[in-house]
């Protein structure tokens, strides 16, 4: 299934007695890249999140916000850095004496200096925390992946339509190509008759020249390969696994064949068809930049 690399999902809930908020978004990127912001004290979750998400997202720059609130009954112990507290008291008194200020240092004053205090919560069971987070994460991922699939389906339809347009242009090139040889032969006959006038035209030489020209401007190999690439693209669009990188390479090959047709075919009509063909290929290339 074709998926876009752009997606968004958000979910919040209570699991395992913890309030959990998960927000996940992604944009296109050549590979999988995760950037996460996790509540303080739950950094251990990062090593679990990356492989879990990578199992569901193969490409894209993913931003994850995860907020975890510990259960209200979690025990906590507050310790005081007495040497630092003494330093603050001493500094405040020094200010009072030096500038003649009222020394109104109180416990309330010192409480404003948060670095004096250290809060230590009782260790939590990491597996229990992960199970709770995963419950909410899965719901967020469900919306995230659904958005990716919807966008991917729209891109798939657009690419398939452009592929059909390219195929019609290829058919027109194949129809037009033999005509260019006939026209060349007629022009050459007319030119020789004008130059030689009453001298008979060497038909064999004329046929040989026409054959050389036909070989020079032949684009059958290129159109056959283009047809093959378009057929392969249709199969990729129907595949279940991610195909963004493969499609990127295939479009490069399609563009190469179109360029070769344009350079070989010495005909204005074919040149116009190639311009249209390359425009469609470029639009496909732009689309697949955001396909997983």
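The values are calculated or read from the model by the stated rules, or taken from the named source; none is laboratory data. Because the structure is predicted, anything quoted here is derived from the model rather than measured. In this analysis, Cβ positions are derived from the backbone assuming ideal geometry, glycine residues included, and neighbour counts consider all displayed protein chains.
Could you pull out the residue among 24, 57, 20 that is touching a residue at least 60 places away in the same chain (Cβ under 8 Å), within 30 Å of residue 244 (Cβ to Cβ) and touching a helix residue (DSSP H, G or I) at 6+ places or on another chain (Cβ under 6 Å)? It would help to see each step written out before you state the result.
Numbers: 57 fails: touching a helix residue (DSSP H, G or I) at 6+ places or on another chain (Cβ under 6 Å); 20 fails: within 30 Å of residue 244 (Cβ to Cβ).
After applying the criteria, what remains is 24.
Would you confirm whether any residue within the range 95-112 is in a helix (DSSP H, G or I), on the phi < 0 side of the Ramachandran plot, in contact (Cβ under 8 Å) with a residue 24 or more places away in the chain and within 29 Å of the chain's Cα centre (by Cα)?
no
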Do you know which residues across the range 91-134 are closer than 24 Å to residue 20 by Cα, modelled with pLDDT of 85 or more and surrounded by 14 or more Cβ atoms within 10 Å (Cβ to Cβ)?
129, 130, 132, 133, 134
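Evaluate the range 66-79: report whether one residue or more is closer than 30 Å to residue 290 by Cα, in contact (Cβ under 8 Å) with a residue 12 or more places away in the chain, within 37 Å of the chain's Cα centre (by Cα) and in the same structural domain as residue 143 (by TED's automatic domain parsing). Reasoning before the result, please.
Narrowing the range 66-79 to residues closer than 30 Å to residue 290 by Cα: 66-67.
Filter again for in contact (Cβ under 8 Å) with a residue 12 or more places away in the chain, leaving 66-67.
In the following step, the residues that additionally are within 37 Å of the chain's Cα centre (by Cα) were identified as 66-67.
So of that shortlist, the ones also in the same structural domain as residue 143 (by TED's automatic domain parsing) come out as 66-67.
Looking for residues that are closer than 30 Å to residue 290 by Cα, in contact (Cβ under 8 Å) with a residue 12 or more places away in the chain, within 37 Å of the chain's Cα centre (by Cα) and in the same structural domain as residue 143 (by TED's automatic domain parsing), one finds at least one in the range 66-79, hence yes.
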Among the listed residues 215, 267, 202, identify the single one that is surrounded by 12 or more Cβ atoms within 10 Å (Cβ to Cβ) and at pLDDT below 80.
202
Tell me which of these residue 144 doesn't satisfy, since it passes every other one: (1) at pLDDT below 65; (2) surrounded by 12 or more Cβ atoms within 10 Å (Cβ to Cβ); (3) out of contact with any helix residue (DSSP H, G or I) (no Cβ under 6 Å at 6 or more places or on another chain).
(1)
Selection over the range 53-90 where residues are outside any helix (DSSP H, G or I), out of contact with any strand residue (DSSP E or B) (no Cβ under 8 Å at 6 or more places or on another chain) and at pLDDT 90 or above yields a count of 2
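For every residue, the table says whether it meets (1) in a helix (DSSP H, G or I); (2) closer than 29 Å to residue 29 by Cα; (3) under 22 Å from the mean Cα position of the chain (by Cα).
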| position | (1), (2), (3) |
| --- | --- |
| 242 | no, yes, yes |
| 248 | yes, yes, yes |
| 254 | yes, yes, yes |
| 262 | yes, no, no |
| 280 | yes, yes, yes |
| 286 | yes, yes, yes |
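Could you count how many residues in the range 270-292 are farther than 13 Å from residue 156 by Cα and surrounded by fewer than 17 Cβ atoms within 10 Å (Cβ to Cβ)? So that I can check it myself, show each step before the final result.
Here is the first cut: in the range 270-292, the residues farther than 13 Å from residue 156 by Cα are 270-282.
Now narrow it down to the ones that are surrounded by fewer than 17 Cβ atoms within 10 Å (Cβ to Cβ): 271-272, 275-276, 279, 282.
Total meeting the criteria: 6.
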Return the pairs, sorted by first residue and then second, in which the second residue is outside any helix (DSSP H, G or I), the first residue lies in the range 156-172 and is more than 13 Å from residue 279 (Cα to Cα), the beta carbons are less than 6 Å apart, and the residues are 6+ apart or on different chains.
156/2
Would you confirm whether any residue within the range 218-227 is surrounded by 15 or more Cβ atoms within 10 Å (Cβ to Cβ), at pLDDT 75 or above and under 20 Å from residue 157 (Cα atoms)?
yes
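Does residue 41 satisfy the condition of being surrounded by fewer than 15 Cβ atoms within 10 Å (Cβ to Cβ) and assigned to a loop (DSSP other than H, G, I, E, B)?
Numbers: surrounded by fewer than 15 Cβ atoms within 10 Å (Cβ to Cβ): yes; assigned to a loop (DSSP other than H, G, I, E, B): yes.
So residue 41 fits the description; yes.
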